[in-house]
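Novice: Structure incoming, see below.
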Amino acid sequence: MAISYIHLFILSFVSISRFLEISKAGAESELVADLLTLQSQSESGVIHLDDRTVSKFITSTKTPRPYSLLIFFDAILLHDKSDLRLPVLVHDFALVASSFIANHNGSNTKLFFCDLEFRESQSSFKLFDVNALPNIYLVGPDAESLKDDTEQMEQSGFTRLTESLVEFIESRTQLTVGPIHHPPIISKKQMVLIIGFLLIWSPFAARKIVAGETMFHNPRIWLSGAIFVYFFSVSGAMHIIIRKMPMFLMDREDPNKLIFFYRGTGIQLGLEGFMVGFLYTIVGLLLAVVTHVLVYVKDLKTKRIGMLFSIFVSFWAVKQVIFLDNWKTGYAIHGFWPSRWN
Amino acid sequence: MSNSYTSDILKPFKLKTKQQELLIRVLILCLVYILAFITRLFSVLRYESMIHEFDPYFNYRTTLYVTQHGFYDFWNWFDYESWYPLGRIVGGTLYPGLMVTAALIYRLLHFLRFAVHIREVCVLTAPFFASNTTLVAYFFGKEIWDSGAGLVAAILIAVCPGYISRSVAGSYDNEGVAIFALLFTFYLFVKAVNTGSLAWGLASAFGYFYMVSAWGGYVFIINLIPLYVLVLLITGRYSMRLYVAYNCLYILGMLLAMQIRFVGFQHVQSGEHMAAMGVFFLMQVFYFLDWVKHMLSDTNLFQEFLRITVTCAVAVGGIALGVGMASGYISPWTGRFYSLLDPTYAKDHIPIIASVSEHQPTAWSSFMFDFHILLFLFPAGLYFCFKRLSDATIFIVMYGLTSMYFAGVMVRLILVATPAVCLISAIAVSATVKNLTVLLRSKTKVAQIGSTKGTSSAKASSKASLDQSQPFQKNGAMALLFGAFYLLSRYATHCTWVTSEAYSSPSIVLAARGAHGNRVIFDDYREAYFWLRQNTPLDAKVMSWWDYGYQITAMGNRTVIVDNNTWNNTHIATVGRAMSSYEDEAYEIIRSLDVDYVLVVFGGVTGYSSDDINKFLWMVRIGGGVFPVIKEPDYLVNGEYRIDKGAAPKMLNCLMYKLSYYRFGEMMTEYGKPPGYDRARGVEIGNKDIKLEHLEEAFTTSNWIVRIYKVKPPNNRW
């Protein structure tokens, strides 16, 4: 009898413990299922968390959890701060998330991408001790304290988020992300439409071209385009675009003062370039006007005034450019007269 | 009596006005030819007859090889002295035009019994071709405007700093020959378009061939000319002349270009050349349509036909391009080309292109420095061209604008824009001066006529008004003429000054002003290379940053790991990684590359700023691009690059820092400053107690600019 009691006891113990295990596993799989549904509800696959769900999925579950969470800390009220680049980062994060999900064919239950919004979930921000944005935390399966056990992505990674995020995930979770699926610039439908439009439009265009009645036959348009290209090039606009130079700088000592001209070769500011480009262009254009337009003016007085005006302006522009160049580069570019006469 | 006698003798020599003009023109051209040559000799006068900078040393070395071993050996040359252990197939990876040209000149001189050294030929090749360019500019200017514009263009281009920067004596580089070839090809093509002659078309194809053999910039030609043709087609300027010229250039030029091994089948396969092919087919469609129009009398029928053919042609072209791209038969654009169209591309994706200083975008002051008054004249020239539109002026306008745009993207491409800027500005100058002088001369005539015969009736009304304003206009014209000449003379002064001050430094021998205003010459580079040549084993391998690779092989005659031909990014990144690692990690890489000596360039003693410490961030970037263990932020403090006490610990202990500053901490460089004061960066260094474990100092030049370290063999292990 005793034996059977013991048997029973053991049996019941085993069954209870197994039941407990099953119920724990059941709770875990429920959580994963919840995460999966949340993930499928979101367009990009990024799960939007708030204080309630943070406690449900992280703080009130027992470790080890069967999943890791990668959390992006977002604040909508800071989206218009251009130096934080939050919208861009949100987009990149979503891109990595959707690529990750697509590469694992939806069968992924190990890693979920989430985001937290500051205004909604301030207490969660406190839990993570996040004071500065942008920030990305990885909550691993064994993380107990959100302050100490979680891993933060380095700030340097935010300049090229997609690549460094992939690196971060792969090094910390041993999961592969796979190739990033950048959305094409033009979708397939648009492509078909554009090609169709081109096909329909091309015969009409060809007819017009053959007949010679497009705006391309108007030399004035070509001329203004040409002058624009010239202006664009010599004003260093490419320099501004490539280096992302600002139009002007604030003076550090006196915030009300603006700095338009930067001293030193090889670097220039935006407005500076446009001003000088304008000076470059104006002289040549005045010369053209004098030789081709002013000649046909009947009135002698206007002619003279126009002439004197253009001479004066040209003189001033050249002098100004040479002055600026000397100031900027330190080289004494030769102007109207030897520099020792100044 | 005697007077009439001499005039009798001189009678046969008396020239008509036309002949006089010709004589003057030829005389001016001769003077310009000589001027273009001698203005480029500043570098020889200041220093000595030697090859400049980095790339020219490779060209010199290969030219030497051509003259010693002949053309076919050169063509099949496998160079095991560079890119150790990979080696480099030289014949298939260079543009041979420059070397072959120099070798031919050398042969010719020797045939004429001038026993010159090949180095002198190499040094003077660029000025010689610059002189030839002035001639081409004259003929080109004559073709697009008139002979006056041609003469002015020749003068302007002879001294224009934008061109001189790449063609001073000693700058033995592809560009020196290529700008001549570029302008020559353009001239021949415009001539072919103007005349419609097959002979000129053929000549332009050969010009193109020479250009392809000389410089990678031929891609500019093969894209500009189709673009030009396309514009002519769109603006309704299609003609039989254009058809002949373009087809001849494209077909023959393509076949010829494919003979250059470095280009080969790229000419029909790579995306950069597709525009030319597309325009070629478009020309055929145009011709076909013309023919059908000629055959069909009914215009309505023709309209229908046109609609169908154009739709079909566009569709077929699009599909062919798509299939070609998808199947990989047509390769996409290369990085360099792509970075021209989308300039931000290189900065983000290709550090090896972005790291070169001449690939930086241009600021406005560089334009001023290189073009001076031509910049102001350029818009005026554009306007003149548009006022007298012809096939030729359209070409020069397009050439000017596209090259101007590219010059804005990359500093070095100012060179390509220079001929166009000179030509267009020459049109402005010549047309203005001509108008003014005509005004001056017609005034006197009118006055004479007015006094003797009275005003002629033909242009009575206009002349009446002219007469009224005569004195003022005449004076105004005089003043303007004087002003124009004055400005041009300032241009000449400026050009000469720029040439002598900025563009004539060989950069292998450095010059500086001493404390008393005297010139100090630092000849450390050659000192170091000759030390390598004399004191190291013949098969020693030298590791340095790639900038010095060509010089080490050419002057030191030793094998290098990487050089200025940046064909293998991984190999360069490996060197970058070694330089930016700790010494023991670097030692493993060095051992794996079989390196015997490490060479660094250091400017802390002399204040020479383009040394390896200032290039170091690029080594980190390029190394980090391939090996993610190297991370740029590890070397920076709050995004700032520092070498003093506050520098990042990784920076203070990496191999490059150690090799540059070894024993520097004991040295007094400047009075009143602590020992170890770096004069190039103006700070006291942060790590003065440097100990080397696996390397030992082998040689340091007299001004410490080049430092060479010997790699110790591994320790005995017991």
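The values are calculated or read from the model by the stated rules, or taken from the named source; none is laboratory data. Just so you know, these numbers come straight off a predicted model, no measurement behind them. Cβ coordinates were reconstructed from backbone atoms using ideal geometry, including for glycine residues, and neighbour counts include every protein chain displayed.
Novice: In the stretch B:301-330, which residue that is assigned to a helix (DSSP H, G or I) and hydroxyl-bearing (Ser, Thr, Tyr) is farthest from the other protein chains (Cβ to nearest Cβ)? Walk me through how you get there before you give the answer.
Specialist: Initially, the stretch B:301-330 is screened for residues assigned to a helix (DSSP H, G or I), giving B:301-326.
From what's left, hydroxyl-bearing (Ser, Thr, Tyr): B:309, B:311.
Working: B:309: 9, B:311: 6 Å.
Restricting to residues being assigned to a helix (DSSP H, G or I) and hydroxyl-bearing (Ser, Thr, Tyr), the top hit is B:309.
Novice: Another one. Inside the stretch B:34-91, can you point out the residues that are more than 24 Å from the chain's Cα centre (by Cα) and among the small types (Gly, Ala, Ser)?
Specialist: Selection gives B:70, B:82, B:87.
Novice: Among A:144, A:163, A:170, which is the only one that is over 19 Å from the mean Cα position of the chain (by Cα), charged (D, E, K, R) and assigned to a helix (DSSP H, G or I)? Spell out the reasoning first.
Specialist: Working: A:144 fails: assigned to a helix (DSSP H, G or I); A:163 fails: over 19 Å from the mean Cα position of the chain (by Cα).
From the options A:144, A:163, A:170, the qualifying one is A:170.
Novice: For the stretch A:204-249, give me each residue that is over 39 Å from the mean Cα position of the chain (by Cα), modelled with pLDDT of 75 or more and assigned to a helix (DSSP H, G or I).
Specialist: Going residue by residue through the stretch A:204-249, those that are over 39 Å from the mean Cα position of the chain (by Cα) are A:204, A:206-213, A:217-219.
Those still in the list that are modelled with pLDDT of 75 or more too: A:204, A:218-219.
Answer for the stretch A:204-249, where residues must be over 39 Å from the mean Cα position of the chain (by Cα), modelled with pLDDT of 75 or more and assigned to a helix (DSSP H, G or I): A:204, A:219.
Novice: I've got another one for you. Please work out which residue is nearest to residue B:549 (Cα to Cα), limiting yourself to the stretch B:690-718 and to residues that are among the hydroxyl-bearing types (Ser, Thr, Tyr) and assigned to a strand (DSSP E or B). Before the answer, list the steps.
Specialist: Pass one, the stretch B:690-718, residues among the hydroxyl-bearing types (Ser, Thr, Tyr): B:700-702, B:709.
Imposing the further condition that a residue be assigned to a strand (DSSP E or B) reduces the set to B:700, B:709.
Details: B:700: 18, B:709: 16 Å.
Filtering the stretch B:690-718 for residues that are among the hydroxyl-bearing types (Ser, Thr, Tyr) and assigned to a strand (DSSP E or B), the one nearest to residue B:549 (Cα to Cα) comes out as B:709.
Novice: Quick check on this structure: which one of B:65, B:106 is out of contact with any strand residue (DSSP E or B) (no Cβ under 8 Å at 6 or more places or on another chain), more than 27 Å from residue B:358 (Cα to Cα) and at pLDDT 95 or above? Steps first, please.
Specialist: Numbers: B:65 fails: at pLDDT 95 or above.
That would be B:106, the only listed residue that is out of contact with any strand residue (DSSP E or B) (no Cβ under 8 Å at 6 or more places or on another chain), more than 27 Å from residue B:358 (Cα to Cα) and at pLDDT 95 or above.
Condition check ((1) aromatic (Phe, Trp, Tyr); (2) within 25 Å of residue B:123 (Cα to Cα); (3) more than 14 Å from chain A (Cβ to nearest Cβ)) across all residues:
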| residue | (1), (2), (3) |
| --- | --- |
| B:501 | no, yes, no |
| B:514 | no, no, yes |
| B:518 | no, no, yes |
| B:525 | yes, yes, yes |
| B:537 | no, no, yes |
| B:557 | no, yes, yes |
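Novice: Applying the selection to the stretch B:629-664, what residues are buried (at least 22 other Cβ atoms within 10 Å of the Cβ) and of a type in the set (A, V, I, L, M)?
Specialist: Once the filter is applied, which keeps residues that are buried (at least 22 other Cβ atoms within 10 Å of the Cβ) and of a type in the set (A, V, I, L, M), the stretch B:629-664 yields B:630, B:643, B:651, B:655, B:656, B:659.
Novice: Across the stretch A:282-316, which residue is nearest to residue B:479 (Cα to Cα) among those that are more than 8 Å from chain B (Cβ to nearest Cβ) and among the small types (Gly, Ala, Ser)?
Specialist: Per the stated criteria, the residue is A:310.
Novice: If you don't mind, another one. Just a yes or no: is a residue in the stretch A:254-275 within 11 Å of chain B (Cβ to nearest Cβ) and on the phi > 0 side of the Ramachandran plot?
Specialist: Within the stretch A:254-275, one or more residues are within 11 Å of chain B (Cβ to nearest Cβ) and on the phi > 0 side of the Ramachandran plot.
Novice: Restricting to the stretch B:385-396, and then to whatever is surrounded by fewer than 24 Cβ atoms within 10 Å (Cβ to Cβ) and part of a helix (DSSP H, G or I), can you tell me which residue is nearest to the other protein chains (Cβ to nearest Cβ)?
Specialist: Of all residues in the stretch B:385-396, those surrounded by fewer than 24 Cβ atoms within 10 Å (Cβ to Cβ) come to B:386-394.
Then keep just the ones that are part of a helix (DSSP H, G or I); that gives B:386-387, B:391-394.
Numbers: B:386: 5, B:387: 6, B:391: 14, B:392: 15, B:393: 11, B:394: 9 Å.
Step by step, filter the stretch B:385-396, then rank; the result is B:386.
Novice: Which ones in the stretch B:644-687 are among the small types (Gly, Ala, Ser) and over 26 Å from residue B:590 (Cα atoms)? Let's see the steps before the verdict.
Specialist: Going through the stretch B:644-687, the residues among the small types (Gly, Ala, Ser) turn out to be B:646-648, B:660, B:665, B:672, B:676, B:680, B:682, B:686.
Scanning the stretch B:644-687 gives B:646, B:672, B:676, B:680, B:682.
Novice: Okay, moving on. For the list (1) in contact with a helix residue (DSSP H, G or I) (Cβ under 9 Å, 6 or more places away or on another chain); (2) more than 22 Å from residue A:91 (Cβ to Cβ), I need the number of the one condition that residue A:116 fails.
Specialist: If we test residue A:116 against (1) in contact with a helix residue (DSSP H, G or I) (Cβ under 9 Å, 6 or more places away or on another chain); (2) more than 22 Å from residue A:91 (Cβ to Cβ), just (2) comes out false.
Novice: Here's something else I'd like to know. With the requirement that a residue be part of a helix (DSSP H, G or I) and more than 20 Å from residue B:420 (Cβ to Cβ), what does the stretch B:182-211 give you? It would help to see each step written out before you state the result.
Specialist: Step one: of the stretch B:182-211, the residues part of a helix (DSSP H, G or I) are B:182-195, B:198-211.
If the condition is that a residue be part of a helix (DSSP H, G or I) and more than 20 Å from residue B:420 (Cβ to Cβ), then B:195, B:198, B:199, B:200, B:201, B:202, B:203, B:205, B:206, B:209 are the ones that fit.
Novice: Further, regarding this structure: Quick one: in the stretch B:397-412, which of the residues that are over 14 Å from residue A:236 (Cβ atoms), touching a residue at least 24 places away in the same chain (Cβ under 8 Å) and of a type outside the set (Val, Ile, Thr) is farthest from the other protein chains (Cβ to nearest Cβ)?
Specialist: Kept after step one, since they are over 14 Å from residue A:236 (Cβ atoms), are these residues of the stretch B:397-412: B:397-403, B:412.
If we keep only those that are touching a residue at least 24 places away in the same chain (Cβ under 8 Å) too, we end up with B:397-400, B:402-403, B:412.
In the following step, the residues that additionally are of a type outside the set (Val, Ile, Thr) were identified as B:398-400, B:403, B:412.
Numbers: B:398: 9, B:399: 12, B:400: 8, B:403: 9, B:412: 13 Å.
So, considering only residues that are over 14 Å from residue A:236 (Cβ atoms), touching a residue at least 24 places away in the same chain (Cβ under 8 Å) and of a type outside the set (Val, Ile, Thr), the one farthest from the other protein chains (Cβ to nearest Cβ) is B:412.
Novice: Run down B:210, B:163 and say which single residue is away from every other protein chain (no Cβ under 14 Å), among the hydroxyl-bearing types (Ser, Thr, Tyr) and surrounded by fewer than 24 Cβ atoms within 10 Å (Cβ to Cβ). Full working, then the answer.
Specialist: Working: B:163 fails: surrounded by fewer than 24 Cβ atoms within 10 Å (Cβ to Cβ).
Within the list B:210, B:163, the selection yields B:210.
Novice: On to the next question. How many residues, within the stretch A:150-161, are modelled with pLDDT under 75 and more than 12 Å from every other protein chain (Cβ to nearest Cβ)? It would help to see each step written out before you state the result.
Specialist: Here is the first cut: in the stretch A:150-161, the ones modelled with pLDDT under 75 are A:154-161.
Filter once more, so that each one left must be more than 12 Å from every other protein chain (Cβ to nearest Cβ): A:161.
So the count comes out to 1.
Novice: Looking at residue A:278, is it more than 9 Å from chain B (Cβ to nearest Cβ), closer than 25 Å to residue B:421 by Cβ and modelled with pLDDT of 85 or more? I'd like the intermediate steps shown before the answer.
Specialist: On the way: more than 9 Å from chain B (Cβ to nearest Cβ): yes; closer than 25 Å to residue B:421 by Cβ: yes; modelled with pLDDT of 85 or more: yes.
Yes: the conditions hold for residue A:278.
Novice: Quick check on my filter: what residues within the stretch A:250-278 are within 27 Å of the chain's Cα centre (by Cα), under 21 Å from residue A:228 (Cβ atoms) and outside any loop (DSSP other than H, G, I, E, B)?
Specialist: Listed by number, the residues that qualify are A:270, A:271, A:272, A:273, A:274.
Novice: Are any of the residues in the stretch B:532-544 within 27 Å of the chain's Cα centre (by Cα) and outside any strand (DSSP E or B)? Quick ask: steps written out before the conclusion?
Specialist: Here is the first cut: in the stretch B:532-544, the ones within 27 Å of the chain's Cα centre (by Cα) are B:544.
From what is left, the residues that are outside any strand (DSSP E or B) are B:544.
The answer is yes; a qualifying residue exists.
Novice: Is it the case that the stretch B:572-587 has a residue that's in contact with a Cys (Cβ under 8 Å, 6 or more places away or on another chain), among the polar types (S, T, N, Q) and crowded, with 24+ Cβ neighbours inside 10 Å?
Specialist: Looking through the stretch B:572-587, at least one residue is in contact with a Cys (Cβ under 8 Å, 6 or more places away or on another chain), among the polar types (S, T, N, Q) and crowded, with 24+ Cβ neighbours inside 10 Å.
Novice: Return yes when residue B:381 is free of Cβ contacts under 8 Å to residues at least 60 places away in the same chain, at the interface with chain A (Cβ under 9 Å from one of its Cβ atoms) and over 21 Å from the mean Cα position of the chain (by Cα) and no when it is not. Before you say what the answer is, go through the steps one by one.
Specialist: Numbers: free of Cβ contacts under 8 Å to residues at least 60 places away in the same chain: yes; at the interface with chain A (Cβ under 9 Å from one of its Cβ atoms): yes; over 21 Å from the mean Cα position of the chain (by Cα): yes.
Yes: the conditions hold for residue B:381.
Novice: How about the stretch B:315-337: which of its residues are of a type in the set (A, V, I, L, M) and either at pLDDT 80 or above or closer than 14 Å to residue B:274 by Cα (or both)? If you could, list the steps in order and put the result at the bottom.
Specialist: We begin by selecting, within the stretch B:315-337, every residue of a type in the set (A, V, I, L, M); these are B:315-316, B:319-321, B:323, B:325-326, B:330.
Once the filter is applied, which keeps residues that are of a type in the set (A, V, I, L, M) and either at pLDDT 80 or above or closer than 14 Å to residue B:274 by Cα (or both), the stretch B:315-337 yields B:315, B:316, B:319, B:320, B:321, B:323, B:325, B:330.
Novice: Okay, moving on. Going by the structure shown, is residue B:90 crowded, with 19+ Cβ neighbours inside 10 Å and without any contact (Cβ under 8 Å) to a residue 40 or more places away in the chain?
Specialist: Details: crowded, with 19+ Cβ neighbours inside 10 Å: yes; without any contact (Cβ under 8 Å) to a residue 40 or more places away in the chain: yes.
Considered against the rule, which asks whether it is crowded, with 19+ Cβ neighbours inside 10 Å and without any contact (Cβ under 8 Å) to a residue 40 or more places away in the chain, residue B:90 comes out as yes.
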